[in-house]
1. Being on the phi > 0 side of the Ramachandran plot and surrounded by 23 or more Cβ atoms within 10 Å (Cβ to Cβ) is the filter here, so list the residues in the stretch 40-81 that pass it.
2. Restricting to the stretch 83-103, and then to whatever is within 16 Å of the ligand (Cβ to nearest atom) and in a loop (DSSP other than H, G, I, E, B), can you tell me which residue is nearest to residue 42 (Cα to Cα)?
3. Which of (1) within 16 Å of the ligand (Cβ to nearest atom); (2) of a type outside the set (Ser, Thr, Tyr); (3) in a loop (DSSP other than H, G, I, E, B) does residue 66 not meet, given it meets every other one?
4. Quick one: is residue 141 outside any loop (DSSP other than H, G, I, E, B) and over 21 Å from residue 71 (Cα atoms)?
5. Sort out which residues of the stretch 104-124 are of a type in the set (Gly, Ala, Ser), within 10 Å of the ligand (Cβ to nearest atom) and surrounded by fewer than 17 Cβ atoms within 10 Å (Cβ to Cβ), and write them in order of number.
6. One residue is enough: does the stretch 28-39 have a residue meeting the conditions buried (at least 19 other Cβ atoms within 10 Å of the Cβ), away from the ligand (no atom under 11 Å from the Cβ) and touching a residue at least 60 places away in the same chain (Cβ under 8 Å)?
7. Go through 73, 46 for me and flag whichever is in a loop (DSSP other than H, G, I, E, B), without any contact (Cβ under 8 Å) to a residue 60 or more places away in the chain, within 13 Å of the ligand (Cβ to nearest atom) and under 23 Å from residue 18 (Cβ atoms).
8. Tell me which residues, restricted to the stretch 208-265, are modelled with pLDDT of 90 or more, of a type in the set (Gly, Ala, Ser) and more than 18 Å from the chain's Cα centre (by Cα).
Amino acid sequence: MTTTWRSKARTARDKANDVVTRVTRRPPRRIRGDISPLWLDFGRTGRDQVGFLTEFCGLTPNHHVLDIGCGVGRLALPLTRVLGPLGGYQGFDVLPYLVDWCERNIAARHPHFHFTHADVRTSIGHDPGVDAADYVFPYADASFDLAYAGSLFTHLTPDAAANYLAQVARVLRPGGVFAATWNLYNRRSEQALPGRSLRKAWPFARDHHRLKDAEHPESNVAYDELWLRPAYRQAGLRILDPLRPDATYSPLRVPQRVSAAHLWYTNTVIARL
Ligand SMILES: C[S@@+](CC[C@H](N)C(=O)[O-])C[C@H]1O[C@@H](n2cnc3c(N)ncnc32)[C@H](O)[C@@H]1O
């Protein structure tokens, strides 16, 4: 009885949320807030991502795009207005309710958009599943022109990150492009960013990476550039310099009242297979 009542309440809430979405063209605050601070403008940063992929990664309407850690459709929503019938989009994420929302509100109206739940374990929200270091992306080899990961590697520890890079290289077609945001530092970072202490943002130093929370390592991870470059090389991905601090999640989108020190270390890395 209680279960039936709960499930009816959940369905009613989902339907109400979907009405909000149709009117505002955004996911409800409750869901957005789980994957992104509410002061970061969801619509604008999504459009930034599409603009960035168009300007720097050659995105065209015919592209087949993979969105790793797709969240609640920040990239997918504006992409529905870019990708034509010859193109296609696949997104996956570990949190089932985000995938569910994207299926109901995006895939249902755009048949060339698909969302998949990745049953991968993380210390920040999805307990069951396989280790991210062993996860095999559920796509055929060489099936994408462009892969994107927005604030995904900020939640992966090194073995998992190395596996995800290898998987990206497997599913990209030769010449395909991969853009990903990372929290990145090197010997000179703190000099270049006075007052934005690495130690404050990620207190726990590990071998070539730093953690914000040692008990929940995936809550936020920053990498030493000295780890990143060989990791890309080993996966067969060629980094196209420069690393770009001016993309999504950049300080340009942070309101002045907010001191989000870690965002100053965000860089987008573009690579080609
Ligand atoms: C900060 S959010 C960014 C979401 C989205 N890319 C965006 O720009 O709005 C990070 C996302 O990565 C997902 N995630 C975390 N670990 C993952 C993993 N191992 N594999 C796939 N997705 C993961 C989270 O569930 C979350 O939706």
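The values are calculated or read from the model by the stated rules, or taken from the named source; none is laboratory data. If you're wondering where the values come from, they're calculated on a predicted model, not measured in any experiment. Quick reminder, even Gly has a Cβ in these numbers, built from the backbone with ideal geometry, and neighbours come from all protein chains shown.
1. Answer for the stretch 40-81, where residues must be on the phi > 0 side of the Ramachandran plot and surrounded by 23 or more Cβ atoms within 10 Å (Cβ to Cβ): 69, 71, 73.
2. 95
3. The one condition residue 66 does not meet is (3).
4. no
5. Listed by number, the list holds a single entry, 123.
6. Looking through the stretch 28-39, none of the residues is buried (at least 19 other Cβ atoms within 10 Å of the Cβ), away from the ligand (no atom under 11 Å from the Cβ) and touching a residue at least 60 places away in the same chain (Cβ under 8 Å).
7. 73
8. Across the stretch 208-265, the qualifying residues are 214, 231, 235, 236.
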